[in-house]
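Each remark here refers to the structure printed beneath this line.
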Amino acid sequence: MTVGTELGPVEPESEEPEQPGKPGVKWKIFVGCLVGVFVLLGAFDLISGAAGLGGDTSASSTTSLAATHPAAASTSAAPLATASPIAVAPTASHQGLFPSPTPTLTPRSLAVGAIAAFGPEGMSDGDHPGSASRALDDGAQPWYSSWYLTPEFGNLQTGTGLLLDMGKTVTVSSVQLNLGGQAGATVQVRVGDTPVLADMFIVSSASDVGGMVRLPTEVAATGRYVLIWFTALPPIGHGEYQVSVYDATVDGTVGS
């Protein structure tokens, strides 16, 4: 027996309606975007770090150098300063190579402060003390000694002369005398700091002289007093011996 089933018209199969978007899909999209952002930021950091590493190479090199060689690192890290000119004072060697010129004083006629007749005992027994100043006047009247019967003062004394007080320390270069008479006198130039015969040094001498006489100093002559000292007298005739000084001039410089 056949059972018949009456089938109604077959309706087309309808599609299942779309369901609203699922939350899981959106969350995946959000996470994906977030990961992309982190990737970009990481790439940016890598690029920046590489740039910074390249620009700070010297600093890292200095740090590494400091770790291994502290002295070298401190030297290289110090900033370079521009050297400025430094004035150098002349040293003894410089002065020896380039000595400064020493001024040279030219001897000249020196002023005489005072003059006195002088004997073996000093100014107390000089010949004709009242006329001693004539030796500085360059006049017709001379200072003259006492007369004696021998050139050596008749063995009565050892000499006679004139003491010139320069008033200050001087350096004597020469003494000029105008003796006016004939030759025969023996004369010394003595210089010292005290008016004592034994304390004054002989710096020049001449024998058998007369007329104009120049007596340059033979050794360094520095002092306040200049003594013109005669140890032998020239003849004046009639068996008499006497010396006359018309003028006396001292050349030199002031000071020692």
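Find the residue count for region 97-146, including only residues that are at pLDDT 90 or above, of a type outside the set (G, A, S) and under 48 Å from the mean Cα position of the chain (by Cα).
Residues that pass the stated criteria total 7.
Can you pull out every residue in region 198-218 that is surrounded by 15 or more Cβ atoms within 10 Å (Cβ to Cβ) and either under 14 Å from Q182 (Cα atoms) or in contact with a Pro (Cβ under 8 Å, 6 or more places away or on another chain) (or both)?
Scanning region 198-218 gives S204, V209, G210, V213.
From the list T217, T231, T222, T194, exactly one residue is in the same structural domain as A140 (by TED's automatic domain parsing), polar (S, T, N, Q) and under 20 Å from Y144 (Cα atoms). Which is it?
Result of the check over T217, T231, T222, T194: T231.
Return the residues of region 212-245 that are farther than 19 Å from S173 by Cα and modelled with pLDDT of 95 or more; say none if nothing qualifies.
Of everything in region 212-245, those that are farther than 19 Å from S173 by Cα and modelled with pLDDT of 95 or more turn out to be F230, T231, A232, L233, P234, P235, E240, Y241, Q242, V243, S244, V245.
Which residues, counting only those in region 236-256, are within 22 Å of Q141 (Cα to Cα), of a type outside the set (G, A, S) and buried (at least 17 other Cβ atoms within 10 Å of the Cβ)?
Y241, Q242, V243, V245, Y246, D247, T249, V250
Among the residues of region 160-192, what is the count of those that are without any contact (Cβ under 8 Å) to a residue 60 or more places away in the chain and under 16 Å from T217 (Cβ atoms)?
Qualifying residue count for the region: 6.
One residue is enough: does region 158-171 have a residue meeting the conditions over 47 Å from the mean Cα position of the chain (by Cα), surrounded by fewer than 19 Cβ atoms within 10 Å (Cβ to Cβ), in the same structural domain as G119 (by TED's automatic domain parsing) and part of a loop (DSSP other than H, G, I, E, B)?
Yes, that holds for at least one residue.
Report yes if some residue within region 202-217 is farther than 21 Å from V112 by Cα, assigned to a helix (DSSP H, G or I) and among the small types (G, A, S); otherwise report no. Steps first, answer last, please.
Looking only at region 202-217, we keep the residues that are farther than 21 Å from V112 by Cα, and these are 206-211.
Of the ones still in play, those that are also assigned to a helix (DSSP H, G or I) are none.
No, every residue in region 202-217 fails to be farther than 21 Å from V112 by Cα, assigned to a helix (DSSP H, G or I) and among the small types (G, A, S).
Among the numbered criteria (1) assigned to a strand (DSSP E or B); (2) closer than 16 Å to W229 by Cβ, which single criterion is violated by S146?
(1)
The values are calculated or read from the model by the stated rules, or taken from the named source; none is laboratory data. Bear in mind the structure is a predicted one, so any value in this text is a computation, not a measurement. Glycine also receives a Cβ, built like all others from the backbone with ideal geometry; neighbour counts cover every protein chain displayed.
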